[in-house]
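The values are calculated or read from the model by the stated rules, or taken from the named source; none is laboratory data. This structure is a prediction, so every number in the text was calculated from the model and none was measured. Backbone-built Cβ (ideal geometry, glycine too); neighbour counts: all protein chains shown. Calculation scope for accessible area: heavy atoms of the full protein, side chains included, ligands and nucleic acids excluded. Shrake-Rupley method; radii C 1.70, N 1.55, O 1.52, S 1.80 Å.
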Amino acid sequence: MKILIVGDIVGRPGRNILQLFLEKNKNNYDFIIVNGENAAGGFGITPKIADEFFEWGVDIISGGNHSWDKKEFYEYLDNSDKVLRPHNYPDDIPGKGYSILEDKNGNKIAVISVQGRTFMTSVNCPFRTCEKLIEEIKRTTKNIIIDFHAEATSEKIALARFLDGEVSVVYGTHTHVQTADNKIFSKGTGYITDVGMTGSQAGVIGTKADIIIKKFLTSLPQKFEIAEGEEELNGIEVEIDSQNGKCKNIKRLNWSENEGFRS
């Protein structure tokens, strides 16, 4: 099965380029995952935006540390099996951290959202959280994909090495810059440190450049605004053997309306 995984959607520019891409290409994939935690003005996501993503062909929306930024989204998080927040937060907060859905051919796919601890909010151990969860999920499917929303490269690689052969794909989100280390580990797990960002490439990880530069120059708080221009979709395409859950191929993806796919 062929799966599209799209990196952090940032604001309206990110939503627009996602819609354009899916209008042209969604039928090329059996299952589509996007990270939507920055979709509403860079901070959080709303019910309206989530509904739009599903109308465009997205199958599941993963999250991160901004999953709860919009309080109007709490009820949606609780009631939907198609929107995730990091599983290793306390159990009694809105949302769920994994879901098992079917692709267009009826293959069961589990998607897990977890968050890192290095340079981030203190949460439960993502390693032990995944280990315990995977044991349960494997009773239903071997096709398991993990969105690891983390800051540190070492933590991302370590989790993937820890889970090599136990899951189909471990991919990183959160840093908004696509890495060039996509590979398949020896026991069959596909990996990339960060799938990148979907939105304006004219700023600094989705925010207007002059605002971020001023923050670095002055060390004073600034009001962030979403950058516009040079919009690009970043993500990966993965192929998984639905019989054994092994990753067969993992390819970086970069697409813009004017240039199409670039290598």
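Details
- Residues that are crowded, with 16+ Cβ neighbours inside 10 Å and under 9 Å from GLU151 (Cα atoms) within segment 116-125 comprise GLY116, ARG117, MET120, listed in sequence order.
- For GLN178, the conditions (1) part of a helix (DSSP H, G or I); (2) more than 18 Å from ASP81 (Cβ to Cβ) are fulfilled apart from (1).
- GLU72 being among the acidic types (Asp, Glu), open to solvent by 10 Å² or more (accessible area, probe 1.4 Å) and in contact with a Ser or Thr (Cβ under 9 Å, 6 or more places away or on another chain): yes
- One residue stands out among those in segment 45-74 that are at pLDDT 95 or above and part of a loop (DSSP other than H, G, I, E, B): the one that is nearest to ILE109 (Cα to Cα), which is ASP59.
- Residue in segment 218-232 that is open to solvent by less than 10 Å² (accessible area, probe 1.4 Å), of a type outside the set (Val, Ile, Thr) and in contact (Cβ under 8 Å) with a residue 60 or more places away in the chain present: yes
- Qualifying residue in segment 187-200 (condition: polar (S, T, N, Q), farther than 17 Å from VAL10 by Cβ and in contact with a Leu (Cβ under 8 Å, 6 or more places away or on another chain)): yes
- Candidates SER99, SER113 - the one that is among the hydroxyl-bearing types (Ser, Thr, Tyr), part of a strand (DSSP E or B) and closer than 16 Å to VAL170 by Cβ: SER113
For every residue, the table says whether it meets (1) hydrophobic (A, V, I, L, M, F, W, C); (2) within 22 Å of PHE43 (Cβ to Cβ); (3) assigned to a helix (DSSP H, G or I); (4) modelled with pLDDT of 95 or more.
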| site | (1), (2), (3), (4) |
| --- | --- |
| LYS142 | no, no, no, yes |
| ILE146 | yes, no, no, yes |
| SER154 | no, no, yes, yes |
| ARG161 | no, no, yes, yes |
| SER186 | no, no, no, yes |
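Conditions (1) free of Cβ contacts under 8 Å to residues at least 60 places away in the same chain; (2) over 16 Å from GLN178 (Cβ atoms); (3) open to solvent by less than 40 Å² (accessible area, probe 1.4 Å), marked per residue:
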site: ILE3; (1), (2), (3): no, yes, yes
site: LEU18; (1), (2), (3): no, no, yes
site: ILE32; (1), (2), (3): yes, yes, yes
site: ASN35; (1), (2), (3): no, no, yes
site: PHE54; (1), (2), (3): yes, yes, no
site: GLY57; (1), (2), (3): yes, yes, yes
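- Any hit, segment 3-11, residues being touching a Lys or Arg at 6+ places or on another chain (Cβ under 7 Å) and within 27 Å of ASN258 (Cβ to Cβ): yes
- Scope segment 243-263; condition open to solvent by less than 70 Å² (accessible area, probe 1.4 Å), modelled with pLDDT under 95 and at negative phi; matching residues: SER256
- Under the condition of being surrounded by 23 or more Cβ atoms within 10 Å (Cβ to Cβ) and in contact with a His (Cβ under 6 Å, 6 or more places away or on another chain), the residues counted in segment 39-52 number 0.
- Each residue in segment 219-256 was checked for being closer than 27 Å to ASP103 by Cα and not aromatic (Phe, Trp, Tyr), and 24 pass.
- Residue pairs meeting the criteria (Cβ under 8 Å; at least 6 apart or on separate chains; first more than 17 Å from GLY116 (Cα to Cα), in segment 127-146; second of a type in the set (Gly, Ala, Ser) and open to solvent by 10 Å² or more (accessible area, probe 1.4 Å)): ASN143/SER242
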